[in-house]
1. For the stretch 1-10, state whether one or more residues are surrounded by 15 or more Cβ atoms within 10 Å (Cβ to Cβ) and modelled with pLDDT of 90 or more.
2. More than 18 Å from R74 (Cα to Cα), in contact with an Asp or Glu (Cβ under 9 Å, 6 or more places away or on another chain) and not aliphatic (A, V, I, L, M): which single residue out of S114, S140 fits that description?
3. Confirm whether S140 is surrounded by 10 or more Cβ atoms within 10 Å (Cβ to Cβ), among the hydroxyl-bearing types (S, T, Y) and either within 41 Å of the chain's Cα centre (by Cα) or over 30 Å from S90 (Cα atoms) (or both).
4. Quick one: what pairs do we get from the stretch 54-70, first residue β-branched (V, I, T), second assigned to a helix (DSSP H, G or I), C-beta under 7 Å, 6+ apart or different chains?
5. Of all residues in the stretch 30-47 being farther than 19 Å from D91 by Cβ and in contact with a Cys (Cβ under 8 Å, 6 or more places away or on another chain), which is surrounded by the most Cβ atoms within 10 Å (Cβ to Cβ)?
6. Of the residues that sit in the stretch 11-52 and are touching a residue at least 12 places away in the same chain (Cβ under 8 Å) and not in a helix (DSSP H, G or I), which one is nearest to E126 (Cα to Cα)?
7. Which members of the stretch 86-108 meet the condition of being surrounded by fewer than 17 Cβ atoms within 10 Å (Cβ to Cβ) and either under 60 Å from the mean Cα position of the chain (by Cα) or of a type in the set (D, E, K, R) (or both)?
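The values are calculated or read from the model by the stated rules, or taken from the named source; none is laboratory data. What you see is a predicted model, and the numbers here were worked out from it, not measured in a lab. Positions of Cβ are backbone-derived with ideal geometry, glycine not excepted, and every protein chain shown enters the neighbour counts.
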Amino acid sequence: MSEYFSFLSSNEKIIHDCDHEINRKLGEFKTKRNILNVEDNQFIDCLTIKTWDVFYYYFRENRSLLDKNTLFNRKYLGERLLFSKEMFISDQLNFLHSLMRVVYELFFILNDPSQTPECVNIDVIEKIDHLTRDKNTVHSFLWIERVMPASMCRDIIQDSQFINVRDKITNGLEFIDNALKTHIDEINLCAGKSKSDLLDVIAKASEVNIEITDYERKLQEYKQEYNFVLLSKAFNNIRNTKKIEKLFAYIRFLIPVFVLVLIPIYLYITRIEHDVTQWRDVFIFLPLITLEVLAFYFMRLFYLEIKSVKSQILQIDIRLSLCEFIQDYVEKKESSDKSDHVWKSFESLVFSPIQANEDKIPAVLDGADAIADLAGKIMAKKSS
């Protein structure tokens, strides 16, 4: 690689001397705003100082950036890279050509159109090329814009560092490709194994699902049986309560019976002691007769109560007997769409209120014939 712009102070003095000479000779053109509007006889001088100002700014302020982004021209310009006062005085056109090459490469690599100075604009390059076409220059200025970028790219591609990087990338890609193939084979193998495991899991899940369905069916059966037990237990509790109620009803019934029997005995004993009936006995017999009538009345009430309790116990016993058929009733009703009257009769008989009055019992038992038919069918099914 040729000299860096970040060279020693001895070479730096050469650049500074050149800057002093250019500003002394061409300083009047610094104030020009638009290079393209400058007269042709002043265009080269104006372009020279404008291009130099750009170069000298980066040389003074950011020399490392200048080194980094001018590799191509530092490689091929050789001694012409050291812009000296003598080079400027002896051949201003070749000096300008080399200077524009360096500045153009700098902004080409930076690749920021907003920062590209006017001195390397395509219109400026075409104009300077047109004005110097017949003069003795090392290269045409159009070469800078049309050929040099391709040469820079070719030089980068042919550079040993680029080749090394390219080879490393190629080797890396081959390594990655081989690794991917290896891992893909491993992934396919794992995927096949996972697929087999998944199929096994699905098969086991199907078996578990069948078992769960079977357990659900059994639980449903247990639920029905348990519901039957609860219903039967409820009727048994009511039956026991009614039995106790019947016992107390009997006790209440026996009290007026005892009174009815006791009063005649009392009157009989009293008559034995007094053979003669006196008028004052009327005042004794009348209250006793009244008490006898009241006792008879209460005896009749308690008798009716006993009959009512016994009729209720009878109804409860009937419901307890029908509980034996509840499970078959549920199965039959779910599987059959006929004999709706039978199902309603069964439900009304089991779940209707218990009648306290025995006169209403026949109304409750209206569906007894239909229930008898149903019971016959169920018993026939069980026996078969």
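1. no
2. None of the others qualify; the one that does is S140.
3. No, not satisfied.
4. V54/V103; V54/C119; T70/V102; T70/E105; T70/L106
5. Applying the filter and picking the extreme gives I35.
6. My answer is N34.
7. If the condition is that a residue be surrounded by fewer than 17 Cβ atoms within 10 Å (Cβ to Cβ) and either under 60 Å from the mean Cα position of the chain (by Cα) or of a type in the set (D, E, K, R) (or both), then E86, D91 are the ones that fit.
For (1) modelled with pLDDT of 75 or more; (2) farther than 30 Å from I316 by Cα; (3) surrounded by fewer than 10 Cβ atoms within 10 Å (Cβ to Cβ), each residue gets a yes or a no:
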residue: V208; (1), (2), (3): yes, yes, no
residue: Q220; (1), (2), (3): no, no, no
residue: K223; (1), (2), (3): no, no, no
residue: Y226; (1), (2), (3): no, no, no
residue: N240; (1), (2), (3): yes, no, no
residue: I269; (1), (2), (3): yes, yes, yes
